[in-house]
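The values are calculated or read from the model by the stated rules, or taken from the named source; none is laboratory data. Worth saying up front: this structure is predicted, and the values here are computed from it rather than measured. Note that we place each Cβ from the backbone using ideal geometry, even for glycine, and neighbour counts take in every protein chain shown. The protein model used for the area step is the full one, side chains on, heavy atoms only, and it has no ligands, DNA or RNA in it. Shrake-Rupley method; radii C 1.70, N 1.55, O 1.52, S 1.80 Å.
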Amino acid sequence: MKSVKVTKESEKFQEIERLYRAAFPREERVPMDTLLEADGPYDFIACYDGAILCGFYSALTFGDITHILFLAVEEKLRDHGYGSQILAEIGKAYAGNRVILDVEMVDPEADNNEQREQRIAFYMRNGYHHSGISYGWRGVMYEILILDGTISEEEFWNFWDQLDEVQQNNYYFYTGSYAEKGEPGICLWKLNARNERLSMLGADTQMTRPSWVTLNERGDTLYAVREQVPIGGVYEMKALRSVENPELLRPAESSELVEPAESPELLQETEGQLRGAKKEAGTNPGIAKDMAAAPILEMVKEMPSGGADPCHLSLDGRENFLMAANYTSGSLAVFALDEQGHLQERCDFWQHTPRRTDETQGQGNSQQSRKAKNPQENPFKVNPLRQEGPHVHFSEEAGELLWSTDLGLDQVFGYQIDYEQKKLTDTGIRLQLPDGYGPRHLAFWHEDMAVIYVLCELSNRIVVFAEKVQEEGSEETEKAAEKKVSETGTEKMDRERFENTSEYTILQDISTLPEGYHGESTASAIRLYGGFLFAANRGDDSIAMYEIQKDGTLTLCCIKKTGGRTPRDFQIFSDYLVVANQESDSLTVLHINRKEKRLERTAIHADVIKPTCVCRLERQALL
């Protein structure tokens, strides 16, 4: 076997990139540019048997500890001994080091427990053993296996602290907003966690009301909505790098500052309550109307979204399609992308129809909506002002489905992507929420879709759905499959197996608001990170933090004020949570104290026009 460092010029680079995407879900992947960075801390090695690509691994080394982050074998070559050969290559490459890797812990209640046991047995046959160290991530417990020697828990966490040192604790992100054309609509920011400072690096003024932005995995293409009626739009922008704009990594200087509409009193708190409070903390004392920095984005294309007020965009895992949720008109538009990520034609379009009095259906077709029993009495009713029709709010691919929320219909739709026909197929799967809940956004716990968290805007509640799948080969499943063959033919069986075998039940229905709260409030955003779930409340102007239990249910840890008004979105960067406060024209930052399981206010603050979205950017995408 031959081991070769991977570069973009590697002969089989496209095959390596394809295997990387296929082997690891998007939320686990490190951006490819990061792994390939010439002077970066990562090793990225491809393994060949002659001219045949067998697989690859990526490793990170500090001192005498090497952590294997990714290891994959070509699917068609599995069970041929290549995994063991790659591990042997790793042993030779890092001889003398303590080599560690993480695996899912054995859990008899886990759906993939047999796979977990087999994976651990495989590594132990190749010389690895238990280290005694474990940690939780996204609701799953992992343990560390080690090849030689021992490692203490302190050494393990110090290892990751060193990575923070290398990366200088700098985090980068874009914000979207309700700014008009000519105003700073999309801004680029840097959060320095070490110095607890937030700096604006530049802003784009070309777009109108770019309320939601998303990036492709490479970080070189940014997509944004134009949230307008009667027809909104979708922007494609080239994200400029520092080689194209040398000023990009320097804080921008503001010219013509406009004082915020609200005074800083919203942010006042005693010095003892603010974590790391400093007089100089925060930047941009006013809202920058014109930015002195060079452009951060270059317009490539704009296309109509096909509906009114597009409010959310998402990419499928292969980045072949861009989905746009048209809120006011209640539709989901699908745009095809070429290999470079450029917008092509609108290839599919789903218009949801108003709810019926006799049944709950979003499409008005013959497939029955799947309702899950809710053991709690529902104090809410259909809201005639907010739920007079369908209102598609969100979409995201998870597992094998594209999930889409409809606030107006109190439903979550399950679609399947047909890559050959460039269309969505309705699986008939529905997550039915109680009347008046108004589902807005989703979060997913397990890769196998064991648990789905539905954030409900109108009720300020999180409804936790659990998936149950009938055992393959059961009498009920076989009969259903035979019926489908006779009715539709075998070519549709793969799609319709979801309807036959999937069932969702409500595990939990929990409030995002403080006990006894009686004011007006609507939920806005939800994120999972490090075994915790976070949700934002507009009205109470707070972030709720929950610990995820083993069965997927939530236990409230705390609810903390954001320091601004109307927190519409937030994003998490290690131990920091950046909040976009729309009505107070501000960004504020909370510190996540994992040990104490609580959120803490910081003095970090910046002013910006009507921020509505926070989109993570890897630093390497700027270089």
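Details
- Flag: THR61 does not match the condition of being among the hydroxyl-bearing types (Ser, Thr, Tyr), over 30 Å from LYS550 (Cα atoms), surrounded by 19 or more Cβ atoms within 10 Å (Cβ to Cβ) and in contact (Cβ under 8 Å) with a residue 12 or more places away in the chain.
- Tally, over the range 508-528, of residues that are in contact with a Lys or Arg (Cβ under 7 Å, 6 or more places away or on another chain) and over 28 Å from ALA450 (Cα atoms): 1
- Residues of the range 417-462 that are under 19 Å from the mean Cα position of the chain (by Cα) and surrounded by fewer than 20 Cβ atoms within 10 Å (Cβ to Cβ): HIS446, GLU447, ASP448.
- The residue that is most open to solvent (accessible area, probe 1.4 Å), among those in the range 551-579 that are in a strand (DSSP E or B) and of a type in the set (D, E, K, R), is LYS561.
- The range 100-140, residues that are in contact with a Lys or Arg (Cβ under 8 Å, 6 or more places away or on another chain) and either closer than 22 Å to SER58 by Cα or open to solvent by 60 Å² or more (accessible area, probe 1.4 Å) (or both): VAL103, GLU104, MET105, VAL106, GLU109
- Among the residues of the range 177-230, those identified as within 24 Å of ARG26 (Cβ to Cβ) and of a type in the set (Phe, Trp, Tyr) are TRP189, TRP212, TYR223.
- ILE68 in contact with a helix residue (DSSP H, G or I) (Cβ under 6 Å, 6 or more places away or on another chain) and part of a strand (DSSP E or B): no
- Residue match in the range 326-337 (condition: of a type in the set (Val, Ile, Thr) and at pLDDT 95 or above): yes
- In the range 217-226, the qualifying residues are those that are open to solvent by 10 Å² or more (accessible area, probe 1.4 Å) and at pLDDT below 95, and the one that is farthest from the chain's Cα centre (by Cα) is ASP220.
- Annotation: of all residues in the range 5-58 being in contact (Cβ under 8 Å) with a residue 60 or more places away in the chain and in a helix (DSSP H, G or I), the one that is surrounded by the fewest Cβ atoms within 10 Å (Cβ to Cβ) is GLU27.
- Of the candidates ASP79, ASP111, ASP107, the single residue that is among the charged types (D, E, K, R), without any contact (Cβ under 8 Å) to a residue 12 or more places away in the chain and assigned to a loop (DSSP other than H, G, I, E, B) is ASP79.
- Looking only at the range 197-216, and only at residues there that are closer than 22 Å to LEU577 by Cβ and surrounded by fewer than 21 Cβ atoms within 10 Å (Cβ to Cβ), the one that is modelled with the highest pLDDT: THR214
- Pairs with Cβ under 9 Å, 6+ apart, first in the range 169-180 and farther than 12 Å from VAL614 by Cα and open to solvent by 10 Å² or more (accessible area, probe 1.4 Å), second among the basic types (Lys, Arg) and part of a loop (DSSP other than H, G, I, E, B): ASN169/ARG194; ASN170/ARG194; TYR178/ARG209; TYR178/LYS610; GLU180/ARG209
- The residues of the range 580-623 that are surrounded by fewer than 19 Cβ atoms within 10 Å (Cβ to Cβ) and on the phi > 0 side of the Ramachandran plot amount to a single one, LYS597.
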